[in-house]
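The values are calculated or read from the model by the stated rules, or taken from the named source; none is laboratory data. The shown structure was predicted, so the numbers you read here are calculated from the model rather than taken from an experiment. With ideal geometry, Cβ positions are generated from the backbone for all residues, glycine too; neighbour counts draw on all protein chains shown.
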Number of protein chains: 2
Amino acid sequence: MAENFADRLLAAVRAKNAPAVVGIDPVYSRLPAQISQHRELNDENDVEAALDAVLEFSRRVIRVLAPLVPAVKLNAAFFERYYQEGTEAYFELVQEAAAHGLIVIGDVKRGDVGHSSQMYAQAHLANPDFITLEELVAPDAVTVNPFAGLDGVQPFIDVARQQQKGIFVWVRPSNASASVLHDFANAEGRTFCEHLAQQVAEWGAGADLVGQAGYSCVGAVVGATPDHEATMKLRAMMPQAIFLVPGFGAQGGSAEDVAPCFKSDGTGALVAATRSVIYAYENPEYVQRFEGNWEACVEQGCKDFVAGLQQTVTITQ
Amino acid sequence: MAENFADRLLAAVRAKNAPAVVGIDPVYSRLPAQISQHRELNDENDVEAALDAVLEFSRRVIRVLAPLVPAVKLNAAFFERYYQEGTEAYFELVQEAAAHGLIVIGDVKRGDVGHSSQMYAQAHLANPDFITLEELVAPDAVTVNPFAGLDGVQPFIDVARQQQKGIFVWVRPSNASASVLHDFANAEGRTFCEHLAQQVAEWGAGADLVGQAGYSCVGAVVGATPDHEATMKLRAMMPQAIFLVPGFGAQGGSAEDVAPCFKSDGTGALVAATRSVIYAYENPEYVQRFEGNWEACVEQGCKDFVAGLQQTVTITQ
C-alpha cells in the first residue's frame with residue numbers, strides 16, 4: 001500500500017471503468033424476505049438476530065458488488081444502532097470488502113476538537129496499534145465533519161499521510177435543509193460552503209498529500225444538487241480534491257447533476273448510490289425480470305447505476 | 001422520568017449547587033500508576049487490558065464525582081478507539097453513572113443527513129427498542145453536530161421529545177481554529193455562528209420542547225472564549241437554550257469567560273471541566289497534599305472546579 005490514496009482510487013476506478021461507489025446503509029425492515037424471514041434471523045426485537053440478518057445481507061451485497069465497482073461506502077450509523085455488536089459487524093464488513101479487493105470508505109462523519117478528533121482518527125481510519133488486533137484493517141478512507149476547523153481535521157490528515165489513506169471532508173450536504181446554513185453568504189456573495197471549500201483546498205494541498213495524478217488524499221463530500229453552477233464553482237475551487245458525491249438515485253440526484261463534479265478528462269469524482277442499488281429488489285421491474293432473485297436484482301441495479309454514469313462521463317486517462 | 005430534560009437538569013444543578021459537568025475523556029497514557037501498573041492491566045498494546053484499565057479508572061472517577069456534580073459527560077471518541085469493546089465500555093459507564101444518580105451526557109457530536117441521523121439518534125439517545133436490551137439506558141442527552149441543518153437534527157429532537165431527553169447542538173467550538181469558519185460574516189456583520197444560533201433557537205422553541213422553567217430540551221454547546229461580547233450575543237439569541245460550555249480549565253477558559261453564558265439569575269449554563277479534574281493527580285500541589293492518593297486528588301480537583309464556579313455564579317432560583 002505504498003501509494004497515495006488518490007492514485008489508488010483512480011486506478012481502481014479505471015480498472016472497473018466506473019467512477020462509482022455503492023453505499024451500504026442496511027435497514028432491517030427493508031431486508032429481502034429470504035433473509036429477514038429465515039427462521040433463525042426472524043426477530044427484529046432481538047438485537048443479535050436482527051444484526052445477524054443485517055450482516056448476512058451486507059456480506060452478500062458486497063459479494064455481488066465486488067466485480068462491478070471499485071469501492072463501497074459503509075455507513076457507520078446503520079451499524080452503531082446495534083451497539084457493540086454493531087461496531088463489531090461494521091469492522092467485519094470492512095474486512096470482508098477489503099478481502100474482495102474493494103476500496104472501503106467508512107462513512108462516519110466524525111469530527112470534534114483536536115484531542116477528540118485524534119481519538120476518532122485512531123478509531124476509524126488508522127490501522128490498529130494494538131498487537132492483539134494486528135490483523136484488523138481500518139477503512140481506506142473516512143468522511144470527516146469539518147465543523148471545528150482544521151484543528152479537528154488535522155488528526156485525520158496525519159493518519160492519511162502516514163498510512164497512505166484518504167479522507168473526504170464534508171463540504172456540501174445533499175439534503176435541502178442544509179442550504180439554510182451553507183448558502184449563508186458574505187458581502188461579496190461568497191457562500192459559507194465556498195468559504196469552507198477554499199479551506200479544504202488549502203488543507204489538502206501539501207506536497208506529501210498529493211499523488212502522481214495531481215489529486216490529494218484529502219477529498220471532499222459534495223452532494224449532487226440541481227444547481228450546476230454552484231457545483232462548478234466548487235470543482236474549480238478544489239482542483240486537487242476527489243469529490244465523493246452522494247445524492248444520486250433515491251435521493252433525487254440525476255446524471256446531469258453529478259456531471260459538473262467531474263473534470264473534462266472524466267476524473268475527479270466518485271458518485272455514490274445507495275438505496276437504488278442495495279434495495280433494487282424493491283423495484284417491480286427487476287423483480288419481474290429476475291423472478292424475485294434479490295441478489296440478481298441488486299446486481300442489475302448496480303450495473304444500471306454504473307452504465308448511467310458511463311453515459312455521463314468518459315474517463316480519458 | 002416524566003419531566004422535561006431541561007427541568008430535570010436545572011433541578012439537579014440546584015440540588016448540588018453546581019452548574020457543573022465533568023467530562024470523562026480517559027487516555028491510557030495518563031492513567032494513574034496505581035491503575036496502569038496493576039499487573040493484570042499493564043499492557044497498552046493489548047486492547048482488552050488497556051480498556052480494562054480505562055474502564056476501572058472511569059468507574060472510580062464517576063464514584064468520586066457523584067456526590068459533587070449533577071452530571072457527567074462521556075466522550076465517545078475515547079471509547080470508540082477500543083473498537084467494539086470500547087462501545088460496550090461506553091454504555092457500561094452510562095449505566096454506572098445513571099445508577100449513581102448522575103445525569104449523563106453522551107458527547108458524541110453525531111450528525112448526518114436525515115435517515116442517517118435517525119440511526120444515530122436511535123444508537124445514542126433513544127433507550128433501546130430491542131427487548132433483549134430492555135434494561136439498558138441510553139444517555140439523558142447527547143451533543144449533536146448541526147452541519148446538515150434541521151433535517152439532520154430533527155431525529156434527535158424527536159427522540160428527546162418522546163423520551164424526555166435532551167440534546168446540545170454544537171454552536172461554537174472551543175478551539176481557536178474553528179473561528180476561520182464560525183466568524184465568517186454576512187454583509188450586516190452577522191457571523192455564521194450567530195446565524196446558526198438563530199436556527200437552533202427556532203428548532204428548540206416548540207411548546208412541547210420547553211419545560212416549566214422556560215428552558216428547552218434543545219440546548220447548545222457554546223465554547224468559552226475571551227470574547228465575552230460574542231458570548232452575550234449568543235446568550236441573548238438563544239434565551240431558551242441551556243448552554244453546555246466546554247473549554248474551562250485545561251483548555252484555557254476562565255471563570256470570567258464562562259460568566260456571560262449564564263443569565264442574571266444564575267441559570268442557563270452547565271460548565272464542563274475535563275482534564276483539570278480527571279487528571280488532578282498530575283497537579284503537584286494536590287499530589288503533595290494528598291500524599292499521592294489519586295482519587296483524593298480528583299475529588300479535590302472537582303471541589304475546586306465547583307467552588308470556582310460558585311464564586312462566579314449564584315443561582316437565585
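Here are the numbers for the structure shown:
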quantity: Filter result for B:Ala236 (surrounded by 21 or more Cβ atoms within 10 Å (Cβ to Cβ), part of a helix (DSSP H, G or I) and of a type in the set (Gly, Ala, Ser)); calculated: no
quantity: Candidate set from region A:185-233 (those that are polar (S, T, N, Q) and in a helix (DSSP H, G or I)); member that is surrounded by the fewest Cβ atoms within 10 Å (Cβ to Cβ); calculated: A:Gln198
quantity: Test result for A:Ala53, away from chain B (no Cβ under 11 Å) and farther than 20 Å from A:Phe305 by Cα; calculated: yes
quantity: Hits in region B:112-145 - residues which are within 7 Å of another protein chain (Cβ to nearest Cβ) and outside any helix (DSSP H, G or I); calculated: B:Asp112, B:Val113, B:Phe130, B:Asn145
quantity: Unique residue being out of contact with any strand residue (DSSP E or B) (no Cβ under 6 Å at 6 or more places or on another chain) and at positive phi when the list is A:Gly152, A:Gly101; calculated: A:Gly101
quantity: Segments classed as helices (runs of 4 or more DSSP H), wholly inside region A:15-106, with at least 2 members that are closer than 20 Å to A:Val277 by Cβ and at pLDDT 95 or above; calculated: A:47-65, A:77-80, A:83-99
quantity: Sole residue being in contact with a Cys (Cβ under 8 Å, 6 or more places away or on another chain), more than 10 Å from chain A (Cβ to nearest Cβ) and closer than 19 Å to B:Ala141 by Cβ, chosen from B:Leu65, B:Leu74; calculated: B:Leu65
quantity: Breaking point among (1) more than 8 Å from chain B (Cβ to nearest Cβ); (2) touching a residue at least 40 places away in the same chain (Cβ under 8 Å); (3) not acidic (Asp, Glu), for A:Ala97; calculated: (2)
quantity: Those residues of region B:239-256 which are away from chain A (no Cβ under 14 Å) and either in contact with a Phe, Trp or Tyr (Cβ under 6 Å, 6 or more places away or on another chain) or surrounded by fewer than 21 Cβ atoms within 10 Å (Cβ to Cβ) (or both), in sequence order; calculated: B:Pro239, B:Gln240, B:Ile242, B:Ser254, B:Ala255, B:Glu256
quantity: Residue match in region B:140-151 (condition: buried (at least 24 other Cβ atoms within 10 Å of the Cβ) and of a type in the set (Ser, Thr, Tyr)); calculated: yes
quantity: Test for A:Lys16: is it basic (Lys, Arg) and buried (at least 22 other Cβ atoms within 10 Å of the Cβ); calculated: no
quantity: Output for region B:108-118, where each listed residue is of a type in the set (A, V, I, L, M) and either at pLDDT below 95 or over 21 Å from the mean Cα position of the chain (by Cα) (or both); calculated: B:Val113
quantity: Number of positions in region B:147-174 that are more than 14 Å from B:Phe243 (Cα to Cα), part of a loop (DSSP other than H, G, I, E, B) and within 7 Å of chain A (Cβ to nearest Cβ); calculated: 3
quantity: Residue list for region A:288-306, restricted to those being more than 19 Å from the chain's Cα centre (by Cα) and either surrounded by 16 or more Cβ atoms within 10 Å (Cβ to Cβ) or not acidic (Asp, Glu) (or both); calculated: A:Gln288, A:Arg289, A:Phe290, A:Gly292, A:Asn293, A:Trp294, A:Glu295, A:Ala296, A:Cys297, A:Gln300
quantity: Hits in region A:100-111 - residues which are more than 10 Å from every other protein chain (Cβ to nearest Cβ) and closer than 25 Å to B:Val144 by Cβ; calculated: A:Ile105, A:Gly106
quantity: Residue, modelled with the highest pLDDT, within region B:239-269, restricted to residues that are part of a helix (DSSP H, G or I) and among the acidic types (Asp, Glu); calculated: B:Asp257
quantity: Number of the condition not met by A:Tyr215 [criteria: (1) modelled with pLDDT under 95; (2) touching an Asp or Glu at 6+ places or on another chain (Cβ under 8 Å); (3) among the hydroxyl-bearing types (Ser, Thr, Tyr)]; calculated: (1)
quantity: Qualifying residue in region B:146-159 (condition: out of contact with any Ser or Thr (no Cβ under 7 Å at 6 or more places or on another chain), of a type in the set (S, T, N, Q) and either without any contact (Cβ under 8 Å) to a residue 24 or more places away in the chain or under 21 Å from B:Thr87 (Cβ atoms) (or both)); calculated: no
quantity: Filter result for B:Ser177 (under 24 Å from A:Leu181 (Cα atoms), at pLDDT below 95 and not in a strand (DSSP E or B)); calculated: yes
